[in-house]
Structures are given as structure tokens and as C-alpha cells.
1. What does the highest-first list of 72-78, 34-40, 50-56 look like by mean Cβ count within 10 Å?
2. To the nearest 20 debye, what is the magnitude of the charge dipole of region 93-156 about its Cα centre, counting +1 on the Cβ of each Lys and Arg and -1 on the Cβ of each Asp and Glu?
3. Projecting each Cα onto the charge dipole of region 24-76 (Lys/Arg +1, Asp/Glu -1 at the beta carbon, about the Cα centre), which of ILE31, ILE56, GLY70 comes out farthest on the positive side?
4. What is the gain in length, in nm to one decimal, between ASP47 and ALA111 on full extension, counting 0.36 nm per residue of separation less the C-alpha to C-alpha distance?
5. Dipole of the chain, Cα-centred, from +1 at each Lys and Arg C-beta and -1 at each Asp and Glu C-beta, to the nearest 20 debye?
6. In the chain, carbon and sulfur make up what percent of the accessible area (probe 1.4 Å)?
7. Would you mind classifying region 53-130 by shape? Square roots of the alpha carbon gyration tensor eigenvalues, ordered a ≥ b ≥ c; an a/c under 1.5 is rounded, otherwise it is prolate if a/b is larger than b/c and oblate if not.
8. Over all directions, average the projected area of the Cα convex hull of the chain and note it in nm².
Amino acid sequence: MDDILKDQPDLQQRWQRTLDLSAIMTEDERINTGTRYDAMRIIALDDRLSRREQLIKYLPKGTHDELQMGAISGLSDIDFPDVARLLIENVGHFNEENRGYAMGALVRFDARIEALLDALADGRVPTSFLTDAQKMALRESKNRAISERAIKVLGP
């Protein structure tokens with residue numbers, strides 16, 4: 001967004017206001033969950049660490065499924081080193097749909113895939129959480145180290 005808005009100070013200011021209001025809406029329990037979900041997707045675009053922390057608090061068990069989905073989706077779009085760890089630690093209590101989003105996020109980038117393969121190898125994440133298509137994509141990864149490891153962990 002910085003590149004898009006770099007020469008437009010008025011739009012920069014309006015964008016920042018959108019981020020700030022979205023952060024407030026995320027926390028306001030009077031606002032319907034669908035709107036709060038949308039707000040979470042918006043705050044994921046903010047580069048402040050506090051916004052990441054705001055999303056993280058919606059991952060634990062017992063969180064409303066739609067809000068949890070917003071947190072998973074928002075975090076999955078962030079190139080943040082802890083995303084893989086956070087998703088792996090919480091994936092076991094996600095509902096089926098949210099688990100699918102989390103697993104999709106985990107197979108998106110090589111660093112996340114490596115963390116996922118570690119978790120699959122040591123049993124923290126069951127291989128049944130992966131779709132057949134995801135298993136195939138891991139085995140056939142263009143990254144040879146990942147494909148070889150996936151074959152060892154998942155079988156041929």
C-alpha cells in the first residue's frame with residue numbers, strides 16, 4: 001500500500017484512519033462478527049506489531065469460529081516468522097473449515113512448509129489434516145529439499 005499511496009498524502013491519511021478504525025471494530029463485541037472478520041482482514045495489512053498481536057488473540061480454543069477465521073486468514077497473509085508456529089500450535093482445535101485455511105497458509109511458503117513438515121514428522125499435526133492435493137503439492141514441490149522431506153514424512 002505504501003507504494004500505491006506514496007504520492008497521495010490525503011489517501012495515506014484516509015488509509016491510516018481505515019486501519020485504526022478497523023482495529024477498534026475488531027475488538028467491539030457490539031459489532032456483528034462478519035464485520036469484525038472484515039476488520040481483521042484489513043488490520044492484517046497494517047505493518048504494526050500490535051496488529052499482529054491483535055489477530056493472535058483470536059486463535060485460541062473457544063473463540064467464535066468466524067472471528068478465528070478472520071485471524072487465521074489475516075495472519076496467513078502476513079510474512080511474519082511466527083505465523084507457522086502459531087497456526088501449528090492451534091490447528092488441532094480449529095473447526096474443519098478453519099483448519100483448512102490454516103493448512104493452506106502453512107503450505108504457502110517454504111519456511112512455513114518446513115515448520116509444518118517438522119510438526120507432521122513429530123506428530124504435533126496429523127497428516128490427515130492435509131488434503132490429498134496438499135500432500136501431492138508437497139511431494140512435488142519445486143524445492144527439492146522440501147519434496148524429498150515430504151516424501152519421507154508423508155510417504156511416496
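1. Details: 72-78: 21.1, 34-40: 18.9, 50-56: 17.1.
In descending order of packing, they fall as 72-78, 34-40, 50-56.
2. Details: 10 positive and 9 negative charges, 34 e Å.
Magnitude of the dipole: close to 160 debye.
3. ILE56
4. Details: separation 64, 0.36 × 64 = 23.04 nm, distance 2.00 nm.
Fully extending the segment from ASP47 to ALA111 adds 21.0 nm.
5. Numbers: 22 positive and 27 negative charges, 89 e Å.
Taking the Cα centre of the chain as origin, the dipole is about 420 debye.
6. Values: 4470 of 8980 Å².
With neighbouring chains kept in place, the figure for the chain is 50 percent.
7. Numbers: a/c = 1.80, a/b = 1.28, b/c = 1.41.
Because a/c hits 1.5 or more and a/b fails to exceed b/c, region 53-130 counts as oblate.
8. On the way: hull surface 40.6 nm².
Over all viewing directions, the chain projects a mean Cα-hull area of 10.2 nm².
The values are calculated or read from the model by the stated rules, or taken from the named source; none is laboratory data. In this text the structure is predicted, and so the values were computed from the model without any measurement. We place every Cβ from the backbone using ideal geometry, glycine too, and count neighbours over all the protein chains shown. Note: areas computed on protein heavy atoms with side chains; ligands, DNA, RNA excluded. Shrake-Rupley method; radii C 1.70, N 1.55, O 1.52, S 1.80 Å.
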